[in-house]
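Down below is the structure, laid out as structure tokens.
The values are calculated or read from the model by the stated rules, or taken from the named source; none is laboratory data. Since we're looking at a predicted model, the values are computed, not measured. Note that we place each Cβ from the backbone using ideal geometry, even for glycine, and neighbour counts take in every protein chain shown.
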Amino acid sequence: MKKVHLLLLTAIVLLASCSGKGKQGGSIDREALVKRHHVNIQTIDSLSSLSVGNGNFAFTVDATGLQSFPNSYRLGVPLGTQAQWGWHSFPNVHGFEPKDTWKEYDFHGKKELYATQFNEAGRARDAANYLRNNPHRLHLGHIGLHMKQNDGSLFQPSDIQSINQTHNLWNGSIESSFKAGEYQVDVETFVTPDADRVVSEVRSTMFQAGAMSVSFRFAYPTGGHADDACDYSKPDAHSSKMIASNENLALIERTLDNDVYYVLVQWEGDAQLRETDKHVFELTPSTETLRFTTEFLAAKPNLDTLDAIAFDADETHTTQWWNAFWMRGGAIDFSDCTDPRAFELERRVVLSQHLMSIQSAGMYPPQETGLTYNSWYGKFHLEMHWWHGAHFALWGRPDLLERSLDWYNTALPVAKSIAERQGWKGVRWMKMTDPSALEAPSKVGSFLIWQQPHIIYMAELMYRSNPDTSVLNHYKTLVFETAEFMADFVDYEEIEDRYVLKGAIPAQETLRASETVNPPFELSYWHYALSTAQAWRERLGMEKNMEWEIILDKLSPLAHQDGLYLAAETALDTYVDTRFTSDHMAVLGALGIMPESRLVRKDIMTNTFNWIWDNWNWGKTWGWDYPMTAMSAARLGMPEQAIGALLMDKRTNTYLVNGHNYQDGRLRVYLPGNGGLLTAVAMMCAGWDGSEGDAPGFPKDGTWNVRWEGLQPMP
């Protein structure tokens, strides 16, 4: 964050808040805009938990304002405590190595080794299972209220009454009140912007009555594919030890196999923290108000240099950070719109900005469920990084995207080794991975390629945010090495005198690598990314790469039949076989996510869009398919369909009261949907390269009088 170009970038970000207004003009009352979407909770509902965080750390609470009833929320939006650094691996007792999972394929007339999964029992299958599972993201610990009734039994969720909880988005805090029996309990919770620290204040006479304490509970990881990562059934598999304490703090050391982290608890006033059970610690004050902080640390802190708890200072700092967040960058105000759907769209946009800033703006690409709970073992998927991050630049907050881009430099040697073992130049970016850049074996992910151009697109967004040579120099190695692979990966067909893409599973994952040729979205993305890499060479005073230039000139156009684009050139029965009308309608991304190019005809894409709108199996889609459809509609001049796509009444386009994009019982949180929504509405307001007029993606019938400012056009 100390790079020279960030100084210029920050200035541009600050200026963005007062530039780029829509045609209605006038300054948006941003505080009023945000405050009308503060979330209010009045019941215990497993899908209504709320999160606070800072991009590198998030803390999710139930209706009590802490994590008092994790079991009740486990199958909803779980009560997570996760940090970007918090990972664990089960012991590798069999010494599994990545090469144990390699399997030979021949898609291009040569030997290609892929890290895959195996059906047959044996070392290869066991190795693949281990390397997919490890490392996995940790739940760092539950912090909740331990409340006892008069008969000594514990309060249950059904006993909690008069709930009134507000998520104050403007200030970044959660304010909760409820009744536990005859006792009133008030809780305030927030997370500081620059530390993995939960700050809490609890007020209740239950403390003095000896009926309540604050409980810290620690679990062993499950290593599960999609869960809250808490296994409380194995108390002997890990340790939680208080290794230091005094009258106002305690330091707990957590050891899980070969991994260690620390939990620092500090409090104001007279209180005691004591161990009450294995992996359970309770903090009890002598007064009715308890102010305390809980900081999760990857390394042991020096207690001699610690400052005392400063609740008021932390609160002021957090409030100022969130006020500044909402005041800088972009804003969209739908309050002048008369279409009855406008308020709901505005709600989704405001809540998505908050969620993405706390869940997807960290030092690593985020997992699809962010820092709330684990999906795919907590690992992140690089093909989703664009959906998590592109909107930050379009909304005038490119610094939040930049946080995760430098990870690609860490991953560069691994990506280069993948390309080399498969016989390619440059670097091949993995699909599913972790901070170490270990490639997770997969029967699908290892064959995907649409994550490959993302880093070029995102680097270009950084340059457009700050068109300075320092940005070009910072990302040029990533851009050029990525493009080298892309140029080498295409095959030349001499008879047709063209280049084709094959030997990969496309974004529409129902297609097979062995039979798919020229998937349309990937073709368009290859054209855009190689063109952009070529432009970077020219900006840096370098000569054009003539190999790239030839490929750009001879790259195959999108295949079509009967006036409709195909899911791939080999899929001649695309619109008959139901296999091709489910999953992502990725063909729309070829002119939607991607700009116009010589590969795409707008008349055929319009026909294709209309066919998909009427015939697609919308019940088998994902959250980002709706904004992708909206972006395609906008570029095709169909703003009514763009709005209709964003607000289509489908399960995977559901946005919960907390703003999360719900998919199904496994993925109750799906942040690529939120990020895609923000990208689409920014594009619909600020336009795209070559678009005309104000808010070109919105209908001009007088019902969508959208006011916006601080947004950047999409490429």
Hey, could you check region 634-666 for residues that are of a type in the set (A, V, I, L, M), part of a helix (DSSP H, G or I) and without any contact (Cβ under 8 Å) to a residue 60 or more places away in the chain and say which is surrounded by the most Cβ atoms within 10 Å (Cβ to Cβ)? Ala642
Which pairs have Cβ atoms under 6 Å, sit 6 or more apart or on different chains, and link a residue in region 290-307 that is in the same structural domain as Gln82 (by TED's automatic domain parsing) to one that is modelled with pLDDT under 95? Arg291/Phe311; Thr293/Ile309
Residues of region 584-615 that turn out to be out of contact with any Asp or Glu (no Cβ under 8 Å at 6 or more places or on another chain), assigned to a loop (DSSP other than H, G, I, E, B), closer than 18 Å to Gly644 by Cβ and among the aliphatic types (A, V, I, L, M), as a count: 0
Can you tell me which residue is nearest to the chain's Cα centre (by Cα) among those in region 193-241 that are assigned to a strand (DSSP E or B) and of a type in the set (D, E, K, R)? Asp227
Looking at region 285-300, which of its residues are more than 19 Å from Ile243 (Cα to Cα), out of contact with any helix residue (DSSP H, G or I) (no Cβ under 7 Å at 6 or more places or on another chain) and in a strand (DSSP E or B)? Pro285, Thr289, Leu290
When the residues of region 402-449 are narrowed to those that are of a type in the set (Gly, Ala, Ser) and not in a loop (DSSP other than H, G, I, E, B), which ends up farthest from Lys110 (Cα to Cα)? Ser404
Looking for something touching a strand residue (DSSP E or B) at 6+ places or on another chain (Cβ under 6 Å), modelled with pLDDT of 95 or more, assigned to a loop (DSSP other than H, G, I, E, B) and more than 13 Å from Tyr528 (Cβ to Cβ) - is there at least one such residue anywhere in region 492-501? no
Could you check how many residues of region 131-162 are part of a loop (DSSP other than H, G, I, E, B), over 30 Å from the mean Cα position of the chain (by Cα) and within 19 Å of Val61 (Cα to Cα)? 2
Counting only residues in region 464-474 that are assigned to a helix (DSSP H, G or I) and surrounded by fewer than 23 Cβ atoms within 10 Å (Cβ to Cβ), the one nearest to the chain's Cα centre (by Cα) is identified as Arg464
Inside region 494-544, can you point out the residues that are of a type in the set (Ser, Thr, Tyr) and either at positive phi or more than 31 Å from the chain's Cα centre (by Cα) (or both)? Tyr499
Within region 342-359, does at least one residue satisfy the condition of being touching a residue at least 40 places away in the same chain (Cβ under 8 Å) and part of a loop (DSSP other than H, G, I, E, B)? no
Would you check if there is a residue in region 450-459 being part of a loop (DSSP other than H, G, I, E, B), touching an Asp or Glu at 6+ places or on another chain (Cβ under 8 Å) and modelled with pLDDT of 95 or more? yes
Go through the residues of region 431-439 one by one and say whether even a single one is more than 21 Å from Asp100 (Cβ to Cβ), outside the structural domain of Lys103 (by TED's automatic domain parsing) and crowded, with 23+ Cβ neighbours inside 10 Å. no
Residues (charged (D, E, K, R) and outside any strand (DSSP E or B)) located in region 66-122: Arg74, Glu97, Lys99, Asp100, Asp106, Lys110, Lys111, Glu120
